């Protein structure tokens, strides 16, 4: 699943797609049905990329991408307005090692809401760009190593510069001829 460019904005409900950046802030487009474009101030707004969000775990933190993939594998994901007990049992199935004391029902509701927003998008079923690059990464590194070996540069070679030339002798003759 490719969640690159999908962000959560502090103080605003829902998810946004990062369209661009200007000197005033980030240009964001809402993923809900309204498709509202906003400019979030750089200095006051906090953006959290969905790729980087983790959930508290008992041993290690769980990535949100993995939890969303587990939710996608299930056929019957309840609505976010379901009671807390139903969400707890859901999370025990999709994220069995999450820390039950630190992950609140409100966090679970938010993740289920995000899942329902993302499940219909084409990015949700698309493969992340990092996984394809990891498989081809070895080939790219070999090509780079061959290029580096093909054109070695001497360590003492310097580019010529204007300041490296000897200074011209100044002519100090005066009008009096002295």
- Qualifying positions in the stretch 45-60 - over 19 Å from the mean Cα position of the chain (by Cα) and assigned to a loop (DSSP other than H, G, I, E, B): 56, 58, 59, 60
- For the stretch 130-140, does any single residue satisfy the condition of being assigned to a helix (DSSP H, G or I) and at pLDDT 85 or above? no
- Number of the exception - residue 83 against (1) at pLDDT 90 or above; (2) surrounded by fewer than 16 Cβ atoms within 10 Å (Cβ to Cβ); (3) farther than 30 Å from residue 21 by Cα: (1)
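Going through the stretch 28-37 one residue at a time, which ones are part of a strand (DSSP E or B) and at pLDDT below 85?
Initially, the stretch 28-37 is screened for residues part of a strand (DSSP E or B), giving 28-30, 37.
Across the stretch 28-37, the qualifying residue is only 37.
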- Message: With the structure loaded, tell me whether residue 8 is out of contact with any helix residue (DSSP H, G or I) (no Cβ under 7 Å at 6 or more places or on another chain), at pLDDT 85 or above and surrounded by 12 or more Cβ atoms within 10 Å (Cβ to Cβ) or whether it fails that test.
- Response: yes
- Task: Could you please tell me which pairs satisfy a Cβ distance under 7 Å, a separation of 6+ or placement on different chains, a first residue in the stretch 106-134 that is exposed (fewer than 12 other Cβ atoms within 10 Å of the Cβ), and a second residue that is modelled with pLDDT under 85 and assigned to a loop (DSSP other than H, G, I, E, B)?
- Result: 127/2; 129/2; 129/4
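Checking the conditions here, which among 8, 72, 40 is under 18 Å from residue 119 (Cβ atoms), in contact (Cβ under 8 Å) with a residue 24 or more places away in the chain and in a strand (DSSP E or B)?
Values: 72 fails: in a strand (DSSP E or B); 40 fails: under 18 Å from residue 119 (Cβ atoms).
Sole residue among the options that is under 18 Å from residue 119 (Cβ atoms), in contact (Cβ under 8 Å) with a residue 24 or more places away in the chain and in a strand (DSSP E or B): 8.
The values are calculated or read from the model by the stated rules, or taken from the named source; none is laboratory data. Small disclaimer: the values here were computed from a predicted structure and weren't measured. With ideal geometry, Cβ positions are generated from the backbone for all residues, glycine too; neighbour counts draw on all protein chains shown.
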